[in-house]
Every structure is written in C-alpha cells, then in structure tokens.
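See below for the structure under consideration.
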Amino acid sequence: MRVIVLSVNYWPEVTGIGAVTTYRAEYLAGAGHEVEVCTTFPYYPDWKVPPEYSGKLGRKEKRNGVSIVRSYAYVPNSVTPLKRILFEASFIVGVTLRALLRKRPDVLLVVSPPLGLAATAILLSRLWSIPYVFDVEDLQPDSASDLGMLPKWAVKLLYKVENAAYRHARLVTTLTPSMRQKIVDKGFAEDQVELLEPRMDDSLIDLPPEEGNAFRQRYDLGEKFLVTHSGNMGVKQGLDVILDAAALNRADDSVLFLCVGNGADCERIKRRAEELELGNVRFLPLLDEKDFRGLMAASNVCLVTQQQSVSEIAFPSKIVTYLAAGRPMVASVNSECEVARITRESGAGTVVEAENPRALLEAVRGLRNADLRKAGENARAYASMRWSSGRVLEHLERSLTAAAGSQMSSLAWKGFKP
C-alpha cells in the first residue's frame, strides 16, 4: 500500500501532533508500506524554524523508511489569530503544490489541524480517484469558538469547511471517545467516524530510578518534590494556574514547580513568574530523549492544565506519557472532559476545578501525603491496557488498508456543498 500523509507537523518535532504523525508514519513504513509525508519545516512549539532548515523553499529527506517532502510556510515570530491564519494558508498552498507532483498513492492520511487541509484532500482525492482518511487531532472550529479566538463569521466558515472535510472523507478518525461522539453528533454516521487513539512509548513503562537521580544531579534539583508540567505552553493550557498555586506555596521551599517545554504563551508565563518573584518555579526548554526520560523518572507529580472552556476539543498527548511513565497526576481541567474521565478511571491521580490554583495546590499536597507508588502502578496498568503500541498501531494499519481497498462511498462523491 502506498500512503501519502499530509501533516503540518512532523519529525524533528517531539511534542504534540508532530510526534504522533512521526510514529504512525514510521510504523507503517516498518510494516512494509510505501510512506511519503508532505509537511513543512519544523517550527513547533517554539514557532521558530531551526537554522538548518531556514531560508529554504523546499527539502527532501528520508528517515526510518519514510520519505519526507517539505515545503515553505510563513512562520511568524509572534502568534496572533491573523498571523496563524496566514501561516496555515501558506502551508496549505505550499503542501498542495508539492503533493501534486507526487506519485499517485492508494490512500491519503490527512492530519487536522489545519482544517483547511480538507481543500487539498478533496482536490487530490478527486484528481487521483482515491479515498482519504481525515484524522482529527483538534476540533478546530469548536476550539476557536470556545476560546473566542476568531470573529463569528470566521468561526462559521470553519464549521462549513469542517462539514465538507468530514462529508467527503472515506473515514474520519479522532483521538478519544468523546471527540468521536462530538463529530457523530454533527450529523455523521457512526461507521464513518472511528477511534484512533494515541500510542504510548513502551520504553517508559520501566524507568530505572537511576535515570531520575542522574537528571536531578544534572539540573541541581536535589531532593525537591518535583511537580512537573511538560509539553506545549500555549493559551489552551491555562498555565497561570500553576504560577498562582506556586505563589500560594512560596513558603514551602521543599516543593519545586517545573515547567518544561515551549509554546506561544511561554514568554508571557516566564515574565509573569519573574514579576511574582517565584523562586519555587523553574523553566526548562524542550529536552532530548535522554533528559526527558530522566525528567519523567524524577518527577513526583505531573500536571495537566487546561482552561475551563476547553472540554472535548482536543486531547493532550502528555497524559499518555505521564501514565506510561507511572507518574501520579493532578488534572486541573473541565470535570466532564476526557482527561478528567481518564484520571478518575485510571486511579492515577486527582481531578480539580480548572483555573483554581488553591484546589491544584491542595491536590498536590494530598498526593504528596498519599501512596504515590500505588498511583504509579495504577497509571502504568491503565496505559498498558489502553494505549499499547501494538494494539493502537495495528488498528491504524487495518483502518488505512480497509480505506485503500474499498470503493469510494457515495458520501465521498457527493457534490461539494460546504
């Protein structure tokens, strides 16, 4: 089977959609399929293109059996709604032109966001007479609406594009049961929308304590009780709650809040931490694989934080990582979202009200005084049951093979009526 993957994020990005798309593509290539990824230059979550990629209009690479075709996209230094639209538009134009020159595949795997890739998917699907699978990592119109990121007319347009994307797809896939249900509730058949969950990194299951000790020594962390947030530091994460919890706990110097990663809101959060003179908060950049393993092994409690308005519009991959590594967790999120349900089901931690720093701090204190070993065992057991690599990636392969081998359904060939 020949597969072309369209995705704005890919290796060497190590967080979010880039990591997910990379391990999926490499698994398919390792299983004997011909896989080509059409993407742009790495930029996420720093919103900065590395020097080795900057100043280029395109580039071809090969990694772990996957052919990578990169096209130019405008990457802004500071992210605003307008600049993000320009970024996505430039990527869609560039990736469409590059994809048109590729050899015809058996199936397209289209990763959203950006939602506008639907136009490319529909064009290529019709031009090549092949099906496409539309993989929804973030319900972008719902996100824009809930967070008030765009004017109403723009949100309405996004919903129209979303409808067309789903209606013309052979199959729509998404990360969680609740995200799947939201898509079905928009008027799509149950059998057209499938669950394609993230996979865990199996190597995190048995992290030796020595890796955590070495990490603590490298970063001079001593015996601090480490409360860690890692990954993207964007608006959705609502990271002010961590700073406010740290401010409430500033008298206790045995606890250190560690924020690891980067993102659109990172610099603002750093400035606010300085303004509040928070000596119990420390920031680290994105870590390489060795240091990240050490971070997980060293962390006593890990945090997932989201704004209250963020519910079923996205799923933070960090929760899979935390649980695979056996880390007890505090989820400061909407109590009805998938993250909250997983935290409760797994027995790996505590759910508290989103954007409530006192509740977050009390939950951390509660876990510190509880049986962290038991919470860690619960976390690992749940991750192994739900997100094992073999189960998740074999399901991906079966779904794409079925899509590639099937005739296009009548849904996929209805007239374009957004």
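Based on this model, can you work out whether Arg368 counts as basic (Lys, Arg) and without any contact (Cβ under 8 Å) to a residue 24 or more places away in the chain? No; evaluated as a whole, the condition is false for this residue. Of the residues making up segment 232-242, just one is surrounded by fewer than 19 Cβ atoms within 10 Å (Cβ to Cβ) and not in a loop (DSSP other than H, G, I, E, B), namely Asp240.
What are the residues in segment 263-287 that are among the small types (Gly, Ala, Ser) and either out of contact with any Leu (no Cβ under 7 Å at 6 or more places or on another chain) or loosely packed, with under 15 Cβ neighbours inside 10 Å (or both), if any? Those that are among the small types (Gly, Ala, Ser) and either out of contact with any Leu (no Cβ under 7 Å at 6 or more places or on another chain) or loosely packed, with under 15 Cβ neighbours inside 10 Å (or both): Gly263, Ala264, Gly279. Out of all the residues in segment 5-24, is one or more at pLDDT below 95, out of contact with any Phe, Trp or Tyr (no Cβ under 9 Å at 6 or more places or on another chain), within 20 Å of Ala89 (Cβ to Cβ) and in a loop (DSSP other than H, G, I, E, B)? The answer is no; no qualifying residue exists.
Can you go through Arg380, Arg365, Arg327 and tell me which one is closer than 28 Å to Gln217 by Cα, modelled with pLDDT of 90 or more and not in a helix (DSSP H, G or I)? Talk me through it step by step, then tell me what you get.
Numbers: Arg380 fails: not in a helix (DSSP H, G or I); Arg365 fails: not in a helix (DSSP H, G or I).
Going through Arg380, Arg365, Arg327 in turn, the sole match is Arg327.
Contact annotation: residue pairs with Cβ atoms under 7 Å, 6 or more positions apart or on different chains, pairing a residue in segment 212-238 that is in the same structural domain as Lys270 (by TED's automatic domain parsing) and on the phi > 0 side of the Ramachandran plot with a partner that is among the small types (Gly, Ala, Ser) and not in a strand (DSSP E or B), are Gly238/Ala354.
Would it be correct to say that Lys60 is at pLDDT below 95 and either buried (at least 22 other Cβ atoms within 10 Å of the Cβ) or among the charged types (D, E, K, R) (or both)? No: the conditions fail for Lys60.
The values are calculated or read from the model by the stated rules, or taken from the named source; none is laboratory data. Note that the coordinates shown come from a computational prediction; the quantities given were computed from them, not determined experimentally. With ideal geometry, Cβ positions are generated from the backbone for all residues, glycine too; neighbour counts draw on all protein chains shown.
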